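Encoded as structure tokens, the structure appears first; notes follow it.
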Amino acid sequence: DVKVTQSSRYLVKRTGEKVFLECVQDMDHENMFWYRQDPGLGLRLIYFSYDVKMKEKGDIPEGYSVSREKKERFSLILESASTNQTSMYLCASSFPQPQHFGDGTRLSIL
Amino acid sequence: RKEVEQDPGPFNVPEGATVAFNCTYSNSASQSFFWYRQDCRKEPKLLMSVYSSGNEDGRFTAQLNRASQYISLLIRDSKLSDSATYLCVVNGRDTGFQKLVFGTGTRLLVSP
């Protein structure tokens, strides 16, 4: 079974903080993705990566950056957290389809 | 127009009922189609892929109609444990072959 592990289930941070969300997959998948999910809006793609050190913007990249230094790890960075980034964050991996998700991180920015 | 559209529901059905969901997609180049299931406050999990000829997995049947650009999911003999949100998912070359577009989901409530 594919295992995608996100570093935290729940996280509370303050406005202006730099926030790191970590994701690790154990299936040697090429592709990794970060989404956020909000009520009524569904899953929206923030960033994705097809390979190590490679990244591409998704539909809502503003206020976020990513890092993929190793194949198994894909990090999402909130450069300066704001309250409108309070959301459920989901990491996924695939090769090539379908995508398998981690448990999610419920992030609250106060 | 949304790339993937679903009726949000909820669909309220009794145990043992048959229920069907439809989903429409706008990108005629889409090549891969899936149904995911998402329980409350949990991550989406793959329920089944959808193939051109239609496919079945136990009580679940998925159909694809490329001409009309819709996908359906049929659940027979509904169980209480089927209560969840069902996400219709597609991809396509001009949205990035590896990228998936998720519908906002159809909520199903199965009651005793």
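The values are calculated or read from the model by the stated rules, or taken from the named source; none is laboratory data. Everything numeric in this text was worked out from a predicted model, so none of it was measured. As a convention, Cβ positions derive from the backbone with ideal geometry for all residues, glycine included, and neighbour counts pool all protein chains shown. Each accessible area value is taken on the protein alone, full model and side chains, heavy atoms only, with ligands, DNA and RNA left out. Shrake-Rupley method; radii C 1.70, N 1.55, O 1.52, S 1.80 Å.
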**Request:** State, as an integer percentage, the relative contact order of region B:42-112 based on alpha-carbon contacts under 8 Å between residues 6 or more apart.
**Result:** 22
**Asked** How big is the B/A interface in buried accessible area, both sides summed, 1.4 Å probe, to the nearest 100 Å²?
**Response** 1600
**Request:** With the full set of protein chains in place, find how many percent of the accessible area of region B:1-100 is carbon and sulfur; take the probe as 1.4 Å.
**Result:** 47
**Asked** So which lysines can A:K3 reach, going by Cα to Cα under 26 Å and dropping same-chain residues fewer than 8 places off?
**Response** A:K53, A:K55, A:K57, A:K70, A:K71, B:K42, B:K45, B:K99
**Asked** Dipole magnitude of the protein assembly as shown about its Cα centre, charges +1 at Lys/Arg Cβ and -1 at Asp/Glu Cβ only, in debye to the nearest 20?
**Response** 360
**Prompt:** Based only on the alpha carbon positions, what is the Kirkwood hydrodynamic radius of the protein assembly as shown, in angstrom?
**Reply:** 18.1
**Complete:** Isolated cysteines for the protein assembly as shown, Cβ-Cβ cutoff 4.7 Å, are B:C40
**Message:** If I compute solvent accessible area with a 1.4 Å probe over the protein chains, what percent of it on region A:12-73 is carbon and sulfur?
**Reply:** 49
**Request:** Calculate how many DSSP beta bridges within the protein assembly as shown are antiparallel, expressed in % of all such bridges and rounded to the nearest 5.
**Result:** 90
**Message:** Leaving out ligands and nucleic acids, and using a 1.4 Å probe, what accessible area per residue does region B:1-101 come to in Å²?
**Reply:** 49
**Message:** Distance between the C-alpha centers of region A:31-54 and region A:64-100? Whole Å please.
**Reply:** 6
**Request:** Would you mind getting the accessible area per residue of chain A, heavy atoms of the protein chains only, 1.4 Å probe, in Å²?
**Result:** 48
**Message:** Can you tell me, using C-alpha contacts under 8 Å and at least 6 residues apart, the relative contact order of chain A as a whole percent?
**Reply:** 37
**Request:** For chain A, evaluate the Debye formula with one uniform point scatterer on each Cα (no solvent term) and list log10 I(q)/I(0) at q = 0.11, 0.12, 0.17, 0.23 Å⁻¹, rounded to two decimals.
**Result:** -0.30, -0.35, -0.72, -1.32
**Message:** Explain nothing, just the number: dipole magnitude of chain B about its Cα centre with +1 on each Lys and Arg Cβ and -1 on each Asp and Glu Cβ, in debye rounded to the nearest 20.
**Reply:** 220
**Request:** Based on alpha-carbon positions alone, could you give the equivalent ellipsoid semi-axes of region B:1-85 from the gyration tensor, as √(5λ), descending, whole Å?
**Result:** 22, 15, 12
**Request:** Treating only the Cβ atoms of Lys and Arg (+1) and Asp and Glu (-1) as charged, compute the dipole magnitude of chain A about its Cα centre; round to the nearest 20 debye.
**Result:** 300
**Prompt:** Which of the residues in region A:37-69 lose at least 50 Å² of accessible area when you go from the chain alone to all protein chains together (probe 1.4 Å)?
**Reply:** A:L43
**Asked** Where does each of A:28-41, B:11-24 land if you order them by average Cβ count within 10 Å, highest first?
**Response** A:28-41, B:11-24
